[in-house]
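Student: Input: one structure, supplied below.
The values are calculated or read from the model by the stated rules, or taken from the named source; none is laboratory data. Since this is a predicted model, take the numbers as computed values, not measurements. Here Cβ is always computed from backbone atoms with ideal geometry, including for glycine, and neighbour counts include all displayed protein chains.
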Amino acid sequence: MNGIRWTVLSLAAGLLVWTGGTAEAANIVVPGDFTTIQAAVTAAASGDTIRIRPGVYFENVAIPGTTPGLTLTQYTGSRFFTICADRGQVIIDAAPGGTLGKGLDIDADNVKIHCLTIRHATQGIDADAHDLHLDRIRTLHTSQESIDVVGDRFKIEKSEFVSGGNQGVRVNGNDGRIVGNTSRNQDRDCYHLTVNNTVIENNVAHLCEDQEGFEIDGNNNIVRQNRVETTDGNGIDVAGNNNQIVRNAVSNVDENDGIHVNGNDNIISWNHVEAVTNDCYEINGNNNRVESNTARGCDGGYEVSGQNPVVLYNRVELAGNEDGFDIACFTACSAGRVEWNFASGTNNEDEGFDILGAVSGFTVAHNTAERNIGSGFRLNMSGATIYHNTSIRNGSRSDQSGFAISGDNNMITENVARENKDDGFGITGNTNTVQKNRAEQNLEDGIHIRSGTGNTLDQNTAWNNHAEGIENDGTNTVLTSNTASGNRTDCANDGTIATNTGNTCADGSNFAVAGQID
């Protein structure tokens with residue numbers, strides 16, 4: 001051990017030797033300067049480094065709060081330099097005499113633990129301290145948490161936590177980094193984090209029994225490029241505001257969601273979720289942004305609820321018993337947007353897009369629903385803009401449309417419905433504007449006003465549908481400049497018409513006589 005201070009050189013001899021004038025951090029070697037890690041910690045001063053030779057140490061090591069700034073690391077032949085070639089060379093077995101205890105009990109701030117393995121502990125590391133740095137450590141076979149950290153400005157990096165009896169990584173603190181770790185074979189959450197302003201990146205959660213892969217409670221966190229495989233709880237569960245959940249991968253989640261978020265102003269983007277027995281994504285809260293994610297082989301695709309959701313560029317394929325996109329917005333929806341999404345292969349007669357309650361300026365645009373067992377789009381909304389969407393080959397029975405729209409004062413424009421099981425467009429409600437849409441080869445009507453007052457159909461095209469091209473069952477409907485051809489009957493009216501001008505019905509039918517086609 002070197003250092004410029006009074007130092008205990010030989011506990012057996014009880015000698016104190018003066019080695020200089022002012023204090024300087026020492027490098028202590030175990031065994032060498034001391035026979036046990038605890039003896040070295042007890043003799044150390046703030047800022048010292050304890051270098052441990054390869055071997056198994058049957059100890060429970062406590063670092064008191066009176067010695068901050070310690071480093072415990074592996075000895076690799078130099079007092080001054082360490083390369084962590086194999087963290088398994090130094091093992092702390094925390095069951096001396098066969099009784100489990102804590103591997104490392106840390107109460108001092110600014111401690112670094114590097115390149116060590118801890119096994120057979122109640123908790124591998126129990127730390128109540130700030131500025132803790134855990135780097136390239138491993139814990140094995142703990143009866144409780146692999147690590148339990150309380151404190152701010154922590155760093156937990158490039159470590160492995162295996163076979164814990166409770167949570168794998170449990171942290172409560174702020175302004176930290178959890179990067180490049182693996183937590184697996186845990187009896188509960190692989191990561192249980194109550195944190196704010198923390199980066200959680202490039203971690204792996206595998207075989208997390210009964211609980212979540214990542215359970216994260218807090219605000220302003222970045223959850224990025226993590227991987228979750230085989231959990232019984234949610235893959236990634238985030239509760240809080242202003243979090244970024246980005247580029248994560250989740251698979252094989254049993255009876256829960258892939259990514260589950262509760263809170264406001266969160267960003268969920270570029271994630272991939274597959275093989276989940278509940279929803280791939282469930283997002284609850286206000287002003288959340290769900291963008292550029294993929295979902296495959298889940299029971300449901302995206303379930304999003306709250307004010308002003310923004311759902312863009314997402315994709316879902318092969319959903320099970322739920323909708324591809326299930327979105328609910330009942331108040332404050334004027335900034336809500338569902339745009340450029342794709343839904344295909346939903347089963348059990350569920351919809352590609354099921355949007356409920358959206359009011360006052362909500363936008364549904366540039367989406368595609370293809371080959372879903374239910375309707376392509378089932379939209380229950382008022383005051384919305386619905387444009388440039390495409391619905392192709394959806395439905396398995398005669399009441400499932402390309403677009404099933406109910407509500408008032410919607411602008412429905414430039415959409416395409418093709419080869420759907422029921423109507424291309426089935427519209428119920430009042431004073432909707434249906435303009436420049438195209439309905440082709442649907443098995444029932446192309447465009448059907450099923451009920452309502454004061455709806456306008458303008459410049460729409462219906463071609464080769466198996467029933468009526470354009471059918472009106474509403475009252476005081478305005479019909480202008482529509483074109484129908486090649487349908488079983490091109491134009492049909494069983495309601496009342498306020499305006500009938502400029503329409504082309506190629507087979508000679510017309511809208512003039514109510515009850516012409518039943």
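Student: Tell me, yes or no, whether segment 497-516 has at least one residue that is of a type outside the set (A, V, I, L, M), buried (at least 19 other Cβ atoms within 10 Å of the Cβ) and closer than 24 Å to ARG378 by Cα.
Tutor: no
Student: Filter segment 158-172 for residues that are in a strand (DSSP E or B) and at negative phi; which is surrounded by the fewest Cβ atoms within 10 Å (Cβ to Cβ)?
Tutor: Filtering segment 158-172 for residues that are in a strand (DSSP E or B) and at negative phi, the one surrounded by the fewest Cβ atoms within 10 Å (Cβ to Cβ) comes out as ASN172.
Student: Can you find a residue in segment 321-334 that is closer than 19 Å to ILE236 by Cβ, touching a Gly at 6+ places or on another chain (Cβ under 8 Å) and aromatic (Phe, Trp, Tyr)?
Tutor: Scanning segment 321-334, I find no residue that is closer than 19 Å to ILE236 by Cβ, touching a Gly at 6+ places or on another chain (Cβ under 8 Å) and aromatic (Phe, Trp, Tyr), so the answer is no.
Student: Restricting to segment 479-496, give me the number of residues that are closer than 27 Å to GLY383 by Cβ, under 47 Å from the mean Cα position of the chain (by Cα) and buried (at least 18 other Cβ atoms within 10 Å of the Cβ).
Tutor: 2
Student: Here are some residues: ALA462, ALA439, ALA484. Which one is of a type in the set (A, V, I, L, M), within 15 Å of ALA404 (Cα to Cα), modelled with pLDDT of 95 or more and part of a strand (DSSP E or B)?
Tutor: ALA439
Student: Here's a follow-up. Any idea which of LEU116, LEU72 is free of Cβ contacts under 8 Å to residues at least 60 places away in the same chain and of a type outside the set (Asp, Glu)?
Tutor: LEU72
Student: Moving to a separate point now. Using the structure shown, decide if ASN234 is in a loop (DSSP other than H, G, I, E, B), farther than 24 Å from ASP128 by Cα and touching a His at 6+ places or on another chain (Cβ under 8 Å).
Tutor: Yes: the conditions hold for ASN234.
Student: Go through segment 230-249 and give me each residue that's modelled with pLDDT of 95 or more and of a type in the set (D, E, K, R).
Tutor: Hits for segment 230-249 are ASP237, ARG247.
Student: Let me ask something else about it. Can you spot a residue in segment 403-421 that is surrounded by fewer than 24 Cβ atoms within 10 Å (Cβ to Cβ), of a type outside the set (Asp, Glu) and touching a residue at least 40 places away in the same chain (Cβ under 8 Å)?
Tutor: No.
Student: Still on this model: Looking at segment 173-205 only, could you name the residues that are closer than 18 Å to GLY124 by Cβ, in contact with a Lys or Arg (Cβ under 6 Å, 6 or more places away or on another chain) and either of a type in the set (A, V, I, L, M) or surrounded by fewer than 18 Cβ atoms within 10 Å (Cβ to Cβ) (or both)?
Tutor: GLY180, VAL204, listed by residue number.
Student: So which residues in segment 250-263 are surrounded by fewer than 18 Cβ atoms within 10 Å (Cβ to Cβ) and modelled with pLDDT of 95 or more, if there are any at all?
Tutor: ASN262, the sole residue that qualifies.
Student: Something else: Which of the residues that make up segment 429-440 are more than 16 Å from ASN472 (Cα to Cα) and surrounded by fewer than 19 Cβ atoms within 10 Å (Cβ to Cβ)?
Tutor: Answer for segment 429-440, where residues must be more than 16 Å from ASN472 (Cα to Cα) and surrounded by fewer than 19 Cβ atoms within 10 Å (Cβ to Cβ): just LYS436.
Student: Now a separate question. For residues in segment 270-288 being within 15 Å of ASN341 (Cβ to Cβ) and touching a Lys or Arg at 6+ places or on another chain (Cβ under 7 Å), which is surrounded by the fewest Cβ atoms within 10 Å (Cβ to Cβ)?
Tutor: Across segment 270-288, the extreme among qualifying residues is TRP270.
Student: Quick test for you: out of LEU356, LEU318, pick the one residue that is surrounded by fewer than 24 Cβ atoms within 10 Å (Cβ to Cβ), under 13 Å from GLY301 (Cβ atoms) and not charged (D, E, K, R).
Tutor: Only one candidate qualifies: LEU318.
Student: Now, a different point. Against the definition (closer than 24 Å to ASP232 by Cα, assigned to a strand (DSSP E or B) and aliphatic (A, V, I, L, M)), how does LEU140 come out, yes or no?
Tutor: The answer is yes for LEU140.
Student: Return a yes/no flag: does segment 277-300 have any residue that is within 24 Å of HIS192 (Cα to Cα) and among the aliphatic types (A, V, I, L, M).
Tutor: yes
Student: Could you grab me the full set of residues in segment 355-390 that are over 22 Å from THR431 (Cβ atoms), in contact with a Ser or Thr (Cβ under 8 Å, 6 or more places away or on another chain) and not β-branched (Val, Ile, Thr)?
Tutor: ASN367, ALA369, GLU370, ARG371, ASN372, GLY374, SER375, GLY376
Student: Being charged (D, E, K, R), closer than 23 Å to ILE118 by Cα, part of a strand (DSSP E or B) and in contact (Cβ under 8 Å) with a residue 12 or more places away in the chain is the requirement here; does ARG184 meet it?
Tutor: Considered against the rule, which asks whether it is charged (D, E, K, R), closer than 23 Å to ILE118 by Cα, part of a strand (DSSP E or B) and in contact (Cβ under 8 Å) with a residue 12 or more places away in the chain, ARG184 comes out as yes.
Student: Any idea which residue in segment 143-157 is nearest to the chain's Cα centre (by Cα), counting only those that are acidic (Asp, Glu) and part of a strand (DSSP E or B)?
Tutor: Result: GLU157.
Student: Given the conditions (1) more than 25 Å from TRP340 (Cα to Cα); (2) surrounded by fewer than 23 Cβ atoms within 10 Å (Cβ to Cβ); (3) in contact with a Gly (Cβ under 7 Å, 6 or more places away or on another chain), and given that GLY213 satisfies all but one, which numbered condition is not satisfied?
Tutor: Of everything listed in (1) more than 25 Å from TRP340 (Cα to Cα); (2) surrounded by fewer than 23 Cβ atoms within 10 Å (Cβ to Cβ); (3) in contact with a Gly (Cβ under 7 Å, 6 or more places away or on another chain), GLY213 misses just condition (2).
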